[in-house]
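Read through the structure below, which is laid out as structure tokens, and then see the notes.
The values are calculated or read from the model by the stated rules, or taken from the named source; none is laboratory data. From a predicted model like this one, the values you see are computed outputs, not experimental measurements. All Cβ positions, even for glycine, are placed from backbone atoms using ideal geometry, and neighbour counts span all protein chains on display. To get the accessible areas, we keep the full protein, side chains included, count just its heavy atoms, and leave off ligands, DNA and RNA. Shrake-Rupley method; radii C 1.70, N 1.55, O 1.52, S 1.80 Å.
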Amino acid sequence: PAERPAFETTGLGVRYRRNWALRDCTVSVPAGRVVALVGPNGAGKTTLLHTLVGLLRPDAGVARLFGGDVASDENMLARMAFVAQDKPLYDYFTVAEMLRFGRELNPRWDGDFARARVNGLGIPLSRKVGKLSGGQRAQVAITMALAKRPDLLVLDEPLASLDPLARDDVMRALMGTVAETGTTVLMSSHVVSDLVDTCDWLVVLNGGQVQVSGDIDELLACHRVLSGPAGLA
Ligand code: ATP
């Protein structure tokens, strides 16, 4: 049978006090995709990601990973790894110590993979995390997440605060790894052009609701028809 969607929400609502950040948010994305979650500031991207990774609880509706309700099924959360926007790491640890820490915390930790990836990126294991460049810090944070061997990798604004060269490096390394492992990726940006070339599925969020979700090539073909010579636009 076909695998259940990597993630899906049905009528999802999340509020901060009386302010609904997500309202009747419904979306479903198959496994194996590299998904761009885009939308303007305040659209609810971080709220949606935090709900999918179990940091926030739905106030209405349901959020599922691989068919399991994230509010009640811890096993589903174990299949996911999350890279938060500020990429929290311990600045006074060396990269090697950071990786050892990951091994302590995660039963599924793949230490050989983590060391090989960091070495391959030319990041010195003896360097203190606080001394890394922004791009290297992002690479280490992403490696820490991938070393858990997740079926779904979730990244909140992974390119924010990186310079253009570092953006290219981080994206190229990430796409190289997920092409090998087949990991489903969900990443957010408020800049559509940052992600559209690398992703194959697009979710547009606005005002706490999903406006568009689909295969990017199909969406672009649709756009060409609508805006072409015989089109509507
Ligand atoms: P950005 O790109 O600015 O991070 P976003 O699309 O990630 O935006 P969210 O951060 O999810 O959007 O915010 C959605 C809405 O919820 C906004 O109106 C925001 O002001 C509100 N909000 C977010 N976090 C909180 C909070 N901790 N307390 C109160 N309101 C919040």
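Overview of results
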{"item": "Bridge type composition, the chain - antiparallel percent by DSSP, nearest 5", "result": "55"}
{"item": "Rg ratio (alpha-carbon, reference 2.2 N^0.38 Å) - the stretch 1-155", "result": "1.14"}
{"item": "Degrees between helix 134-146 axis and first principal axis of the chain (Cα, 0 to 90, nearest 10)", "result": "80"}
{"item": "Straight-distance crosslink candidates among lysines, where the alpha carbon sits under 17 Å from Lys128 and sequence neighbours closer than 8 are dropped", "result": "Lys87"}
{"item": "Whole-number Å³ per residue for the convex hull built on Cα positions in the stretch 24-64", "result": "88"}
{"item": "Gain upon complete extension [Asn119, Ala96; 0.36 nm per residue less C-alpha separation]", "result": "7.2 nm"}
{"item": "Furthest towards positive pole of dipole, Leu205, Pro107, Gly228, structure part the stretch 94-233, Cβ charges", "result": "Pro107"}
{"item": "The stretch 63-208 - Debye-derived log10 I(q)/I(0), Cα point model, q = 0.19 Å⁻¹", "result": "-1.24"}
{"item": "Fraction of accessible area attributable to carbon and sulfur, the chain (%, probe 1.4 Å)", "result": "51"}
{"item": "Cα long-axis angle, helix 111-120 against the chain (0 to 90 degrees, to the nearest 10)", "result": "90"}
{"item": "Using a Förster distance of 35 Å, the FRET efficiency for Arg108-Val62 (Cβ separation, nearest 0.05)", "result": "0.85"}
{"item": "Dipole moment magnitude, nearest 20 debye, the stretch 132-233 about Cα centre, only Lys, Arg, Asp, Glu C-beta charged", "result": "180"}
{"item": "Between the stretch 56-102 and the stretch 157-233, the Cα center-to-center distance that results, in Å", "result": "22"}
{"item": "Candidates per chymotrypsin sites (Phe, Trp or Tyr not before Pro) in the stretch 41-92, loop by DSSP, up to 13 other Cβ within 10 Å", "result": "Tyr90, Tyr92"}
{"item": "Label-point separation in nm, Asp215 to Lys128, each point 7 Å along Cα→Cβ", "result": "5.1"}
